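Please read the structure below before turning to the comments.
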Amino acid sequence: MKKRADVIVYKKEKPFLIVECKSPSVPISQETFDQIARYNLEIGADYLMVTNGMNHYYCQMDMENQRYVFLPELPDSN
């Protein structure tokens, strides 16, 4: 199966944010975060977002420690 992100937002030609979109009937799980984190191994975005249209979760990548840190909202991209 070919991996692909649903949305990639670029800032100055560098991936800034990857968004994984699920159906409203699909609950967000650890598997969802693992999926987007795997995509990001190749893309290298600073931030991740997972949504099912009802719930939205935001993470900042900590590449040095190979983990993500949950955020209450996305930071300003300026």
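Just so you know, all these numbers are worked out from the coordinates, no wet-lab data involved. Computed from a prediction, not measured in an experiment: that's the story for all the values here. Quick reminder, even Gly has a Cβ in these numbers, built from the backbone with ideal geometry, and neighbours come from all protein chains shown.
Taking GluC sites (Glu not before Pro) as exposed when DSSP calls them loop (any state but H, G, I, E, B) and at most 15 other Cβ atoms lie within 10 Å, what is the longest stretch of the chain free of them, the sites themselves excluded? Write down the numbers at each step before the final one.
Details: sites that count: 13, 64, 73.
Longest gap between qualifying sites, sites excluded: 14-63.
With helices as the sole contributors, the chain gives -6000 deg cm²/dmol at 222 nm; each DSSP H run of n ≥ 4 counts as -39500 (n - 2.57), and the sum is divided by every residue. For the chain, the longest principal axis of the Cα atoms and the long axis of helix 30-43 meet at an angle of about 30 degrees. Near the amide H of residue 11, within less than 5 Å, lie the amide hydrogens of 16, all on another chain or at least 5 residues away, with H placed in the peptide plane.
Computed over the chain, the Cα gyration tensor eigenvalues convert (square root of 5λ each) into semi-axes of 18, 14, 13 Å, ordered from largest to smallest.
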